[in-house]
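K.L.:
One structure, pasted below without further comment.
The values are calculated or read from the model by the stated rules, or taken from the named source; none is laboratory data. Remember, predicted model here, so these are calculated numbers, not experimental data. Cβ sites come from the backbone with ideal geometry, for glycine too, and all protein chains shown count toward neighbours.
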């Protein structure tokens with residue numbers, strides 16, 4: 001299985017196909033979370049997401065050498081990165097419980113713009129005026145979706161903002177690690193730390209699950225783990241900057257799932273805000289490609 005992490009010849013169309021498959025996985029994962037959150041405590045679901053993800057990752061770690069996979073000269077940065085992923089997951093699960101799928105996913109896609117904003121102070125990157133305007137427009141798009149003060153969208157929409165910020169910091173730390181750590185080590189620490197932390201919390205708010213509940217909770221880890229592996233494979237075949245626009249298919253996919261599975265149609269405010277966020281993200285991507 002270690003071959004899944006090895007370098008491969010660049011094949012752009014295959015990279016796009018892998019990324020779209022990952023987006024499909026993540027969309028189904030979010031739908032399962034939304035469904036299960038009406039029956040089980042969120043802490044239990046977050047535990048299941050990390051525990052079964054860890055179970056899925058163990059064969060990769062064993063084949064690569066378990067001791068070598070866990071060993072790292074920078075355990076602190078891996079733990080911090082994993083805690084940010086845990087915070088991002090918690091925020092997303094909270095928002096999915098109360099907020100329509102398309103709204104939650106659209107707000108989370110502010111994350112690439114937050115990465116751009118934080119790249120200046122944290123990574124020393126230069127951000128030009130057009131990128132700053134795109135970041136500001138993206139935040140405006142979130143405000144259009146959330147409509148603060150109008151009492152329209154549930155308070156839990158703010159949890160999606162927490163996810164966006166936590167995931168942005170997660171990406172920045174991942175960028176700082178760069179090629180200094182093996183992919184297996186980086187991929188293993190996230191479910192490992194998440195499992196340890198949630199195992200200390202979840203038992204205090206636990207609901208006995210039936211066969212369907214357990215099967216779907218296993219799916220949380222499987223869809224999450226496979227989704228991340230598909231993303232890795234996508235990046236093996238195409239540059240991240242060229243794949244970035246494909247990510248916005250996720251918003252359209254969440255709209256489809258929301259309509260078909262949960263019978264929720266996004267209103268004009270949500271569509272407008274999501275369009276602003278996507279347009280802002282595409283501006284940042286185009287500026288990055290142009291070296292601006």
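K.L.:
Can you list the helices (runs of 4 or more DSSP H) lying wholly within the range 55-119 that have 1 or more residues being under 30 Å from residue 268 (Cβ atoms)?
P.N.:
Numbers: elements: 66-70, 75-98, 101-108.
So the answer is 75-98, 101-108.
K.L.:
Which numbered condition trips up residue 85, out of (1) surrounded by fewer than 20 Cβ atoms within 10 Å (Cβ to Cβ); (2) in contact with a helix residue (DSSP H, G or I) (Cβ under 8 Å, 6 or more places away or on another chain)?
P.N.:
Among (1) surrounded by fewer than 20 Cβ atoms within 10 Å (Cβ to Cβ); (2) in contact with a helix residue (DSSP H, G or I) (Cβ under 8 Å, 6 or more places away or on another chain), residue 85 violates only (1).
K.L.:
Can we say residue 223 is in a helix (DSSP H, G or I) and surrounded by fewer than 19 Cβ atoms within 10 Å (Cβ to Cβ)?
P.N.:
No.
K.L.:
Read through the list (1) in a helix (DSSP H, G or I); (2) in contact (Cβ under 8 Å) with a residue 60 or more places away in the chain; (3) surrounded by 15 or more Cβ atoms within 10 Å (Cβ to Cβ), then give the number of the only condition that residue 165 fails.
P.N.:
The single condition residue 165 does not satisfy is (2).
K.L.:
Continuing with the same structure: Does residue 32 qualify as being touching a helix residue (DSSP H, G or I) at 6+ places or on another chain (Cβ under 9 Å), assigned to a helix (DSSP H, G or I) and modelled with pLDDT of 95 or more?
P.N.:
Here the answer is yes, as residue 32 does meet what is asked.
For (1) modelled with pLDDT of 80 or more; (2) within 26 Å of residue 187 (Cα to Cα), each residue gets a yes or a no:
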site	(1), (2)
69	no, yes
86	yes, yes
92	yes, yes
108	yes, yes
113	yes, yes
134	yes, no
142	yes, no
152	no, no
158	yes, no
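K.L.:
Take residue 246 and tell me if it is in a helix (DSSP H, G or I), in contact (Cβ under 8 Å) with a residue 12 or more places away in the chain and surrounded by 17 or more Cβ atoms within 10 Å (Cβ to Cβ).
P.N.:
It is true that residue 246 is in a helix (DSSP H, G or I), in contact (Cβ under 8 Å) with a residue 12 or more places away in the chain and surrounded by 17 or more Cβ atoms within 10 Å (Cβ to Cβ).
K.L.:
Still on this structure: Taking residue 11, is it out of contact with any strand residue (DSSP E or B) (no Cβ under 7 Å at 6 or more places or on another chain) and surrounded by fewer than 15 Cβ atoms within 10 Å (Cβ to Cβ)?
P.N.:
Values: out of contact with any strand residue (DSSP E or B) (no Cβ under 7 Å at 6 or more places or on another chain): yes; surrounded by fewer than 15 Cβ atoms within 10 Å (Cβ to Cβ): yes.
Taking the combined requirement at face value, the residue satisfies it.
K.L.:
Looking only at the range 168-184, how many residues end up being assigned to a helix (DSSP H, G or I), touching a helix residue (DSSP H, G or I) at 6+ places or on another chain (Cβ under 8 Å) and surrounded by fewer than 20 Cβ atoms within 10 Å (Cβ to Cβ)? I'd like the intermediate steps shown before the answer.
P.N.:
Restricting attention to the range 168-184, the residues satisfying the condition of being assigned to a helix (DSSP H, G or I) are 168-180, 183-184.
Those left that are additionally touching a helix residue (DSSP H, G or I) at 6+ places or on another chain (Cβ under 8 Å): 168-177, 183-184.
Add one more test, that the residue is surrounded by fewer than 20 Cβ atoms within 10 Å (Cβ to Cβ), and what stays is 171-177, 183.
The qualifying residues number 8.
K.L.:
Here is a follow-up. Please find, among 252, 234, 275, the residue that is without any contact (Cβ under 8 Å) to a residue 12 or more places away in the chain and either within 14 Å of residue 105 (Cα to Cα) or crowded, with 19+ Cβ neighbours inside 10 Å (or both).
P.N.:
Being without any contact (Cβ under 8 Å) to a residue 12 or more places away in the chain and either within 14 Å of residue 105 (Cα to Cα) or crowded, with 19+ Cβ neighbours inside 10 Å (or both) holds for just one of 252, 234, 275, which is 252.
K.L.:
Of the residues 260, 265, which single one is loosely packed, with under 15 Cβ neighbours inside 10 Å and part of a loop (DSSP other than H, G, I, E, B)?
P.N.:
Residue meeting the stated conditions: 265.
K.L.:
Hey, among the residues in the range 41-55 that are surrounded by fewer than 19 Cβ atoms within 10 Å (Cβ to Cβ) and in contact with a helix residue (DSSP H, G or I) (Cβ under 7 Å, 6 or more places away or on another chain), which one's nearest to residue 200 (Cα to Cα)?
P.N.:
43
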